1. Using 7 Å Cα-to-Cβ label points, what is the N172/R93 separation (nm, one decimal)?
2. Let me check I've understood the local charge: for T56, count other residues with C-beta under 9 angstrom from its C-beta, Lys and Arg +1, Asp and Glu -1. What total comes out?
3. Could you tell me which of L117, T149, A132 has its Cα farthest along the dipole of region 40-151 towards the positive end, charges placed at Cβ (Lys, Arg +1; Asp, Glu -1), taken about the Cα centre?
4. Quote the FRET efficiency, to the nearest 0.05, computed for E71 versus E191 with a Förster distance R0 of 45 Å and r equal to the Cβ-Cβ distance.
5. Which of the lysines could a cross-linker span from K238 if the Cα-Cα distance has to be under 22 Å and same-chain partners fewer than 8 positions apart are dropped?
6. Lys and Arg at +1, Asp and Glu at -1: add these up for the other residues within a Cβ distance under 12 Å of H88 and post the number.
7. Expressed in nm to one decimal, what extension gain is obtained for the pair N100 and E184 from 0.36 nm per residue of sequence separation less their Cα-Cα distance?
8. Cα gyration tensor of region 40-151, axes a ≥ b ≥ c as square roots of the eigenvalues: rounded (a/c below 1.5), prolate (a/b > b/c) or oblate?
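Only the coordinates and a few stated rules stand behind these numbers; no lab work does. If you're wondering where the values come from, they're calculated on a predicted model, not measured in any experiment. So basically every Cβ, Gly included, is an ideal-geometry build from the backbone, and we count neighbours across all protein chains shown.
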Amino acid sequence: MGACSEDPHLCGASWLLRFTSLLLSVCSTVTRSPGAHESAAEFSGILATLKGIQGTPVLFPVIRNPEFELEKMSWGVVSRSNYIVMLHVFPGRDVPRWVNFQDKFEKRVHVVNTTTLRIDNLTLEDSGLYRAQVKLTTGRRYHRDFHLTVYEAVPRPQIRAIDLSLTPGWCNITMECNTTETREDLTVSWESEGLPRELAQRPAPGPAPNPWTLAVNLPLSRPSPSLTCVVSNQADKKAASQDLGDVCGRGTSNLRLLFSVVPRLLSSPQPCWSRQHAADPTGEASSVHEGVIPWIVVPVLGVLGALL
């Protein structure tokens, strides 16, 4: 009878060991089977979020397992939980087979490759849920969803100095960032290069009235920094920059011009600002300095003040 007849306990342990080995072998075979591998590669129900900009293209890529042969790709729109097929794509064919929405999408939809679709010239109405459905030659199917949101393009901003004052060693500027339109989805932020943070009164990024302003106190001894206004929404952004050294340099130059021109005016010869009166009863002509400040210096100060 062997070992089992001599020791029943040893026989039971041997039988349990053989059963466990057989069970592990079966599990290993199932794990290596094509069906299980295929299931692990599937991603049905995974939602990809896409952001598009009005007037630009967007790609819908699907990654599949190359070990399994593709029979057909179907692209469509999910509306109120209903999947409406738009077109079918077959391997080896360049032209898709349209089913629905041909009038709306035919001129803007392109098949980049068998598993990638592109929509050109996006409109705000293109926002929605799209689905790519994959069918393999084994008969298995899976899908991937894409939630697309299309945003308006951000208008290009303009930046300029609206207030400039010079104090000993400092240039005090108020910068304005302006756009051609005001929208609630726009956010502004200020970025600087070469300007210490503590020298700029920088508001937190966020929606604000148009235009946006920022006060900057710049030491004249520092290298010329630059200030950039960045206007953005969730999908697009545009920026405009200004060299603050140029702005402060113009202010300094104008101030120097002011202090050099006025003394010359005040020391000019008499004919430049006096006028001869008719002879008095004694027959002698008289000249009187009249209107020096109102007629000459004030206009000059006004012009230079406008330049500053």
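1. Computed distance between label sites N172 and R93 equals 7.4 nm.
2. Within the 9 Å Cβ shell, the charges total -2.
3. Farthest towards the positive pole: A132.
4. So the FRET efficiency works out to roughly 0.30.
5. Leaving aside lysines fewer than 8 places away in the same chain, those within reach of K238 are K51.
6. On the way: positive: K72, R93, R97, K135; negative: E71.
Local net charge: +3.
7. Numbers: separation 84, 0.36 × 84 = 30.24 nm, distance 3.52 nm.
Gain on extension, N100 to E184, equals 26.7 nm.
8. Values: a/c = 1.77, a/b = 1.44, b/c = 1.22.
Prolate shape, in that a/c is at least 1.5 and a/b is the bigger ratio.
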